[in-house]
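Notes to accompany the following structure.
The values are calculated or read from the model by the stated rules, or taken from the named source; none is laboratory data. Since the model is a prediction, treat every value here as computed from it, not as a measurement. No Cβ is skipped: glycine too gets one built from the backbone with ideal geometry, and neighbour counts run over all protein chains shown. In case anyone asks, the SASA skips ligands and DNA or RNA and just uses the protein heavy atoms, side chains included. Shrake-Rupley method; radii C 1.70, N 1.55, O 1.52, S 1.80 Å.
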Amino acid sequence: MKLYDTMAREMRELTAEDGENFRFYCCGPTVYGPAHIGNFRTFVLQDVFRRVLQLSGQSTQHVRNITDVDDKTIRDSQAAGKSLGEFTEAWTAKFRVDCDALNLLAPHDEPSAVEHIPQQIALIEQLMAKGHAYKSDDGSVYFKVTSFDQYGCLSHLDQRELRDGAGGAAVADDEYEKDAVADFALWKGRKQEDGDNFWLSPWGEGRPGWHLECSAMCKEYLGDTFDLHSGGVDLVFPHHENEIAQSEAASGETFARHWFHITHLMVDGGKMSKSLGNMYTLADLEERGFTANELRYVLISGHYRHPLNFTLQSMEDAKKALLRIGKAGGALRERAGGDADEPDQQIPRGHDFIYFKAAFESLLQDLNSPEALGRIFSELRELKADKMSAEDAQAALNDLEYILLALGLSLPEVEEDKQVEVPEDIRDLAEKRWQAKQAKAWAQSDALRDELLGKGWEIKDDKEGYQLCPRS
RNA sequence: GGCGAGGUCGCCAAGUGGUAAGGCCAUGGUUUGCAAAACCAUUAUCGCGGGUUCGAUUCCCGCCCUCGCCUCCA
């Protein structure tokens, strides 16, 4: 599988350092509220990445952390009148529910930051010992950026600019004392507003800095060097830059061998933000009658390195597109005769595609999910289910299920599977209309159909009978 | 100001040095008592101006516009 590497700025073939297991780390959510669809774009793409890697024959170890101690979690837990743990556990649970709905494979390890404070302290001690960190008067510990020559190698920012501090404005807000503006906190000395949220360290009471948790947990679960590190583009700087500095300065080894960054989701052509009221969560979309599967389709309908413009219209489009795949799959299933096996949601290690091979190849080439979708539709149209042998139809159906498994999409329920509650009076009207139709009393039949439509129910006839469904 | 992404059919969105996937919508057709559904078909010369080339949407230069990041936002 080939994937663009942010550090090298070019496409790279992915390899497992140990030749067996591809080990990778994804920066997880900060659990202080519900994750929004922008967060999920990143997690969904990482999930597709893992699925494709596994289907290509590679075994994986996927680590994704939970950030449950930082400024925001502390601030909001206090505002909610809850302990930090109580607060973050609730949001972590909610996050997992959303992940399940979105069909995200659970990471092999999902470490929490507060449960790895000792590891973080140990890392700081190493950095202190090597002269990469210093303690300030207020009990905080900072990383000395000038002590690490490669600082800035990931984000390719101009060295001088980094040392001077780019914006300038943010400097004034910093309440901690440090030598240089670019230096960042490894440990934050205890402050009044932190309340009960402090831990003991060799430098006094306080709490770990944000960047540090990932470095410490990467080391704990994946060692000094691992195969790939991933997150949203906004993490390139400073978060990932700082992780590299901390980890490599401490270990002297290459930190991550490959960097995979997912570009932001836009909403209605602009940044998603609370103030603009265009920040959607999965729950928001479900309230509007959309499913997580549809959201997943939308999130993979654009290439991960391009901004993707989310609109509610795109959710509508996704619903229709998915339905089409479902119907085409249904036709294959019918031709194959009888029910196919339930698709196994375990991702097998390796799969040979006969059908939909082109689509899978799009995924192997820099995770081109939109092209893969295009190729699925093209192939679906070329396959004439009614002209295939039952055997071929079965094989095509089988591979269709595998390519959807790679994308993590579920075949949508086709109409007849849906159990819709139909009120008595509607049922009666529909029955009367059917009788009229059978009697070829077209005028009466059509009038009844219009009446039903007026009451919000649509009738769809087929050869044997009719179906009632709520008007969409 | 620095770094980066992007401007492709009404909307969304791929791709390529040799005249542009796919989805939604629209239109026409087959089918249907009429619809619905399904199926088939049709719809773009790729922001603007130069350059390189036999040939550029794809490479180079300039310009315009949009968007993101620039110290704790996926």
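How many residues, within the range A:247-277, are over 14 Å from A:C153 (Cβ atoms), crowded, with 18+ Cβ neighbours inside 10 Å and polar (S, T, N, Q)?
Final tally of qualifying residues: 1.
Scan the range A:1-16 for residues that are part of a loop (DSSP other than H, G, I, E, B) and surrounded by fewer than 17 Cβ atoms within 10 Å (Cβ to Cβ) and jot them down.
A:A8, A:R9, A:T15
Going by the structure shown, is A:L323 open to solvent by 30 Å² or more (accessible area, probe 1.4 Å), out of contact with any helix residue (DSSP H, G or I) (no Cβ under 8 Å at 6 or more places or on another chain), at pLDDT below 95 and within 12 Å of RNA strand B (Cβ to nearest atom)?
Against the criterion (open to solvent by 30 Å² or more (accessible area, probe 1.4 Å), out of contact with any helix residue (DSSP H, G or I) (no Cβ under 8 Å at 6 or more places or on another chain), at pLDDT below 95 and within 12 Å of RNA strand B (Cβ to nearest atom)), A:L323 qualifies.
Can you name the residue in the range A:415-455 that is at pLDDT below 75 and open to solvent by less than 100 Å² (accessible area, probe 1.4 Å) and, of all such residues, is nearest to RNA strand B (Cβ to nearest atom)?
A:E415
Which members of the range A:17-43 meet the condition of being open to solvent by 20 Å² or more (accessible area, probe 1.4 Å) and of a type in the set (D, E, K, R)?
A:E17, A:D18, A:E20, A:R23
I'd like the full set of residues that are touching a residue at least 60 places away in the same chain (Cβ under 8 Å) and surrounded by 20 or more Cβ atoms within 10 Å (Cβ to Cβ), limited to the range A:303-320.
Of everything in the range A:303-320, those that are touching a residue at least 60 places away in the same chain (Cβ under 8 Å) and surrounded by 20 or more Cβ atoms within 10 Å (Cβ to Cβ) turn out to be A:Y304, A:L308, A:F310.
Can you spot a residue in the range A:64-83 that is at pLDDT below 95, in a loop (DSSP other than H, G, I, E, B), touching a Lys or Arg at 6+ places or on another chain (Cβ under 9 Å) and under 23 Å from A:G302 (Cβ atoms)?
no
Among the numbered conditions (1) acidic (D, E); (2) within 14 Å of RNA strand B (Cβ to nearest atom); (3) open to solvent by 40 Å² or more (accessible area, probe 1.4 Å), tell me where A:D284 comes up short.
Going through the list (1) acidic (D, E); (2) within 14 Å of RNA strand B (Cβ to nearest atom); (3) open to solvent by 40 Å² or more (accessible area, probe 1.4 Å), A:D284 breaks only (2).
Has the range A:87-95 got at least one residue that is farther than 27 Å from A:N293 by Cβ, in contact (Cβ under 8 Å) with a residue 40 or more places away in the chain and within 16 Å of RNA strand B (Cβ to nearest atom)?
yes
Restricting to strands (runs of 3 or more DSSP E) lying wholly in the range A:174-277: which have 1 or more residues that are within 7 Å of RNA strand B (Cβ to nearest atom) and farther than 29 Å from A:L299 by Cα?
Per the criteria, A:184-189.
Taking the options A:Q120, A:Q46, name whichever one is under 30 Å from A:A359 (Cα atoms), outside any loop (DSSP other than H, G, I, E, B), open to solvent by less than 20 Å² (accessible area, probe 1.4 Å) and within 15 Å of RNA strand B (Cβ to nearest atom).
The match here is A:Q46.
Restricting the search to the range A:365-393, which residues are surrounded by fewer than 20 Cβ atoms within 10 Å (Cβ to Cβ), more than 10 Å from RNA strand B (Cβ to nearest atom) and aliphatic (A, V, I, L, M)?
Within the range A:365-393, A:M388, A:A390 meet the criteria.
Any idea which of (1) more than 9 Å from RNA strand B (Cβ to nearest atom); (2) closer than 24 Å to A:W187 by Cβ; (3) not charged (D, E, K, R); (4) not in a helix (DSSP H, G or I) is the one A:P34 doesn't satisfy?
Single failed check for A:P34: (2).
On the given criteria, is A:L154 in contact with a Gly (Cβ under 8 Å, 6 or more places away or on another chain), assigned by TED's automatic domain parsing to the domain that holds A:G209 and either within 7 Å of RNA strand B (Cβ to nearest atom) or at pLDDT 85 or above (or both)?
Criteria not met by A:L154.
I'd like to know if the range A:299-308 contains one or more residues that are more than 17 Å from the chain's Cα centre (by Cα) and either at pLDDT below 90 or near RNA strand B (Cβ under 10 Å from one of its atoms) (or both).
No, that holds for no residue.
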